[in-house]
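Each remark here refers to the structure printed beneath this line.
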Ligand SMILES: *Cc1c(COP(=O)(O)O)cnc(C)c1O
């Protein structure tokens, strides 16, 4: 017990110091990988040492090489921070060390997973009968939904992929928007489906119904998966689901939605119109570690047809103590896994319905503040329609835009990603941290303005 206490005390001290440093600390790392390795010592210690000494060394020497992704001034990728209830519940989850795959093994985790699942379906407006699986992230949630869809469309054409595999079976055609997230391609590759066929999108990156109609008609009948998107990482916009879902279903296709962060629009009465009709799909992927602000790693896969999910992901084995009912292990690719639902449940419980709504609305309001203020900087142009949490900005040419991105990162006040959208360089501002305040937005905007002013003589 003493071993635990001393090591955990050290972890607690360094956690407090880290969290306290976030409001002031420069966002980018303050040490290189090589510097951190040197500080930690590069040789494997020849013999044991007290656990607290190891934790102390990591806390002391590791902090300088961390990127303050959890800070309110981090707007890179779509990262999210950690809500206090989520972080603390995640600690408990680690201490409790529950392998959460089987219902009867851990009634507390099962209770929490069941509660969190039904609250999520309610908040996101998805069919109440759906099964919810807790994955490592949206990539694996996409994978799970797509494998389930693949097996189901093959089953409908008389092919049992679970027994016979894919070789020799009927082809499966996959239609995706030109601006789907890269993780969809990765998931399709893992699923043995190869490269998808792309469907044209509009200026906000949303799939065009006329283009999907054409693609469905051109391919003729057969097994088809259609992958739609809630939340384009550049524009924040979502596909027009009612039209797309109905034409895909008329064709007998399975519709999967990648809604890693954008699906959360559904939780807010003010923003739900963005994902109108999204409940009409067959499977959905989203993240809890982005908009909901639980720590890494936690994604969610939702499948309307629980039996189809279990047919694709289900595990049986004489040594597993289980009945026929759909178990947590039957809904995700992993067998052993940590108690991910603890932090999801804790965040939902602590925020409550109005807290989730307020969180989504606040992230969107910060994005609108960024867009309004950035548009006032001479030479800057917001190039997307800012409907959700994403803002893309150009500063004249590609070269100048990249220089502004570099100067912003150099300054250290804030962290924003440079990207290329529709062939043009942009500064991408992605708001996804619950902790971001108006002051964070103000300080980060000032940093962007400074970066632009410093470059004013560059063409
Ligand atoms: C982040 C993201 C993913 C991948 O999610 P991970 O949790 O990183 O695996 C997929 N799609 C979209 C739109 C995303 O933003």
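No lab work stands behind these numbers, since they all come straight from the coordinates. All of these numbers come straight from a predicted model, not from anything done at the bench. Using ideal geometry, Cβ is built from the backbone for each residue, glycine included, and neighbour counts are taken over all protein chains shown.
So what is the diffusion coefficient of segment 225-295 in µm² per second by Stokes-Einstein at 20 °C and 1.002 mPa s, using a Kirkwood Rh over Cα pairs? Rounded to a whole number, D works out at 176 µm²/s. Pairwise Cα distances in segment 176-229 exceed 18 Å for 32 percent of all pairs.
If you rank 190, 319 by fewest surrounding Cβ atoms within 10 Å, what's the result? Can you show the working numbers first?
Numbers: 190 15, 319 5.
Listing 190, 319 from fewest to most nearby Cβ atoms yields 319, 190.
Take the Cβ-Cβ distance between residue 111 and residue 385 as r, set R0 to 51 Å, and report the resulting FRET efficiency rounded to the nearest 0.05.
After rounding, the FRET efficiency stands at 0.75.
With the cut-off at 25 Å, report for segment 353-457 the share of all Cα pairs above it, as a whole percent.
16 percent
Could you compute how fast segment 1-101 diffuses translationally, taking Rh as the Kirkwood radius over C-alpha pairs and applying Stokes-Einstein at 37 °C with viscosity 0.692 mPa s? Give it in µm² per second. Once the numbers are plugged in, D ends up at 211 µm²/s. Extension gain for residue 44-residue 316 works out to 93.9 nm (0.36 nm per residue, less the C-alpha to C-alpha distance).
Taking other C-beta atoms within 10 angstrom as a stand-in for reagent exposure, 233, 377, 79, 321 fall in the order 321, 377, 79, 233, fewest first.
Estimated at 0.36 nm per residue, the fully extended path between residue 156 and residue 128 surpasses their Cα-Cα distance by 7.7 nm. Residues 395, 4, 75, 241, arranged from fewest to most other Cβ atoms within 10 angstrom of their Cβ, appear as 4, 241, 395, 75.
With Rh defined as the Kirkwood radius, the inverse of the mean 1/r over Cα pairs, the Rg/Rh of the chain is 0.99.
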